[in-house]
Structure formats: structure tokens, C-alpha cells
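Below is a structure I'd like to ask you about.
The values are calculated or read from the model by the stated rules, or taken from the named source; none is laboratory data. As the structure is a computational prediction, the values presented were derived from the model and not from experiment. For neighbour counting, all protein chains shown are included, and Cβ atoms are generated from backbone atoms with ideal geometry for every residue, glycine included. The protein model used for the area step is the full one, side chains on, heavy atoms only, and it has no ligands, DNA or RNA in it. Shrake-Rupley method; radii C 1.70, N 1.55, O 1.52, S 1.80 Å.
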Amino acid sequence: MSESTERRSPLLDLPGAVAADAPDAAVAAHYGSIVAEQRTLLAGGTFVDLSHRDVVTVAGPDRLTWLHALTTQYLLDLPPGRPTDVLLLSPQGRIEHAFTGVDDGATFTVHTEPGAGAPLVEFLDRMRFMSRVEVTLATDQWAVIGLPGLAWEVRPRADLASLPAVLGDPVGSWAWEALRIEAGRPRIGLDTDERAIPNELGLLGSAVHLDKGCYRGQETVARVHTLGRPPRRLVRLHLDGSVDHLPPVGTDLLDPAGTRVGAIGTSARHHELGPVALGVVKRNVDPTLVLTADGVPASQEVLVDPEIGLHVRPRLGG
């Protein structure tokens, strides 16, 4: 993923703004008050500049039926204004594209990670065939903002500079990231690698509809869900607050014997929980073990049940 310097947010020119690290460097990490900004976001009356995220529009009368057939999500008769998470999988069930979208009755507008929009458009264009759809990379026209409750909206990019007068002073992306990690919502491509399947990340039921028809990769998702256990699992990690740094994305997670058992993803300093992160570990790693990432001790909090397959099978038999 790469940052687009052409889309540097005008809100980075506000007093106190400090740019985030890549791939979020086009927006502010904070405006001078990290902990207070998280509390402000929880209280409301503010917004988060997420304009570094790519925006894609899908227009045309066949857009929802076409996307329904391609993706993991049930999109037939999707009501206007209802946000939904969507995945596109490989034939082996691995996540290739992830996005969140909302339909307005004429256009399905989605946002995805910085740099992921163009590959998504390229893939969707290859799959159009005779469908009456038009797919457009629209990041230059539209910008994403985050709202309290981890909600979001898409606004005209030209309106970004004037939003503080309408929505109140913004808070930085670090506030959003801390609350997102607390909620256990992974960023695909940062908290995951190219082998990730939805079952490992707790995405069944949110980004994957379990009762819809066929889609690419469904066989793997169904098999792991009903007969087995996910080979890996998403965890929330509580990092040792006495260490003065957060581990970089992709750092190996080591067990007490020094064996690699997974990798850490995004991390943040939460106003109540302290330093936290998301990570993916092997399914059979003892959840009580304290792991280490870049010298930082990390206690595990289970987000994805390592024995989920054992709970599903009795229901199927009944």
C-alpha cells in the first residue's frame, strides 16, 4: 500500500497537526492531545480525517446483484444507507480485497485501505462481463471521515477544509485506531497477511454472510466453519506499558521459548487499556502465554475462539 502525496489532507495544516506514519501519512495522527482526543471521539461532537483511504464507486442497475454474486456478502435488496463490510476471496478462500460500502439507491460507494483502490477497480473491471455496471476509482472526488461509534461518511473531497466549521474540531487517526483495536476490527493488509482467511479474523457474520449462495472461496470458508478449526486466530494484545515503543507492523510474535507463533499488526495507545495491538497467532498457541514482539511483552486476549469448529458441529447434528 502506498500513500498518495497528491491527496495530502488540508486538515494537516491545522494548528498542532502531526502527520501519521505510512500508510496513513496523508492525514493527522493527532492534533497535540492524544489521550484527550480519544475521549472527545467517544463523547461525540467531532470527526476523524480518514481521507487517505481510497474510495471506489460502483454504479449501474446491476451493481448489487453483480456484487452479491462475486463477494462474501448478501447484497440483494440492500437498503439505501445501510453500511456493510464486504470481502473478495481467492479460490482458496484467502482474502484478496476488503472494503466497506453503502448504497444510495443508484451507486454503491466503498472505501478501502490506502493504495488498495486501484487493484480493486482492476479486479472488478475484469469481472464485469455483460453486467450493467460502471466501476470508478473516485478518491480524488470523495473523502472518508470517521464519526463517533466507529461510524463513517463519505464527503466531497473539496469540502474537507471546511468540515471543522460544520462538525467541530477533528481528532487524529490515532484516536480512531485505538478504538478500532479495542473493538477487534482488523485492517486487512496490516493486521493480516496474504494467507488470511475470514474464519481466522472473526469476520463470519459481519463481512461473510453464512446463508447466501455460492461465491469464490466459499468452499474453504464453509469447510473451516463447519468441520474444522481456523489454522490461526486473531488476538488482542495488551502490551507492556513500561516499554517506550510500540512494535512495528509485521513484527514476529515469539512464545517464551523464542519460537515464532505469529505476527503483530497495528498498535496504539488506548486511553484506558494502555498500549494495545492486534495480532494473528497459530490456533493452538496457549491463550494464557505472554508473547513477545520486538522486546515488548504482550498478553493475549481471545477474539476468535480456537475451538469454534467444536461448537458448530453439535448444532449441525441437531
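Specify which of the listed residues (Pro170, Pro156, Pro198, Pro164) is in the same structural domain as Ala28 (by the TED database) and either under 27 Å from Leu239 (Cβ atoms) or in contact with a Lys or Arg (Cβ under 7 Å, 6 or more places away or on another chain) (or both).
Sole residue among the options that is in the same structural domain as Ala28 (by the TED database) and either under 27 Å from Leu239 (Cβ atoms) or in contact with a Lys or Arg (Cβ under 7 Å, 6 or more places away or on another chain) (or both): Pro170.
A further question on this structure: Here is a list of conditions, (1) open to solvent by 10 Å² or more (accessible area, probe 1.4 Å); (2) on the phi < 0 side of the Ramachandran plot; (3) at pLDDT 95 or above, and Gly115 meets all of them except one; can you say which number that is?
Going through the list (1) open to solvent by 10 Å² or more (accessible area, probe 1.4 Å); (2) on the phi < 0 side of the Ramachandran plot; (3) at pLDDT 95 or above, Gly115 breaks only (2).
Let me ask you something else. Give all pairs with beta carbons closer than 6 Å in which a residue from segment 249-276 that is closer than 25 Å to Ala36 by Cα meets a residue that is modelled with pLDDT of 95 or more and of a type in the set (S, T, N, Q); count only pairs at least 6 apart in sequence or on separate chains.
That search, which allows pairs on different chains as well, returns His271/Gln38.
Of all residues in segment 222-239, how many are of a type in the set (A, V, I, L, M, F, W, C) and touching a helix residue (DSSP H, G or I) at 6+ places or on another chain (Cβ under 6 Å)?
Looking only at that region, the number is 2.
Filter segment 122-140 for residues that are closer than 27 Å to Arg7 by Cα and assigned to a loop (DSSP other than H, G, I, E, B); which is most open to solvent (accessible area, probe 1.4 Å)?
Looking at residues that are closer than 27 Å to Arg7 by Cα and assigned to a loop (DSSP other than H, G, I, E, B), I get Asp140.
Only one of Arg260, Arg283 is basic (Lys, Arg) and open to solvent by less than 70 Å² (accessible area, probe 1.4 Å); which?
Answer to the check: Arg283.
Out of the residues in segment 14-32 meeting the condition of being in contact (Cβ under 8 Å) with a residue 12 or more places away in the chain and either β-branched (Val, Ile, Thr) or more than 18 Å from Leu163 (Cα to Cα) (or both), tell me which one is surrounded by the most Cβ atoms within 10 Å (Cβ to Cβ).
Val27
Something else about it: If a residue has to be open to solvent by 20 Å² or more (accessible area, probe 1.4 Å) and either within 16 Å of Leu87 (Cβ to Cβ) or hydrophobic (A, V, I, L, M, F, W, C) (or both) to count, how many in segment 169-186 make the cut?
Here the count works out to 5.
Residues are listed down the side, and each one gets a yes or a no for (1) touching a Phe, Trp or Tyr at 6+ places or on another chain (Cβ under 8 Å); (2) more than 17 Å from Val304 (Cβ to Cβ); (3) not β-branched (Val, Ile, Thr):
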site	(1), (2), (3)
Ala196	no, no, yes
Thr220	no, no, no
Thr226	no, no, no
Thr259	no, yes, no
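Let me ask something else about it. Which condition breaks for Thr65 when tested against (1) within 30 Å of Gly168 (Cβ to Cβ); (2) open to solvent by 60 Å² or more (accessible area, probe 1.4 Å)?
(1)
Could you run through segment 293-314 and say how many residues are within 24 Å of the chain's Cα centre (by Cα), at pLDDT 95 or above and not aliphatic (A, V, I, L, M)?
4
Still on this model: Assess whether Val280 counts as being under 18 Å from His225 (Cβ atoms), assigned to a strand (DSSP E or B) and at pLDDT 95 or above.
Against the criterion (under 18 Å from His225 (Cβ atoms), assigned to a strand (DSSP E or B) and at pLDDT 95 or above), Val280 qualifies.
Quick check on this structure: which one of Leu289, Leu246, Leu303, Leu234 is in contact with a Pro (Cβ under 8 Å, 6 or more places away or on another chain), open to solvent by 30 Å² or more (accessible area, probe 1.4 Å), under 17 Å from Pro186 (Cβ atoms) and in contact (Cβ under 8 Å) with a residue 24 or more places away in the chain?
Leu246
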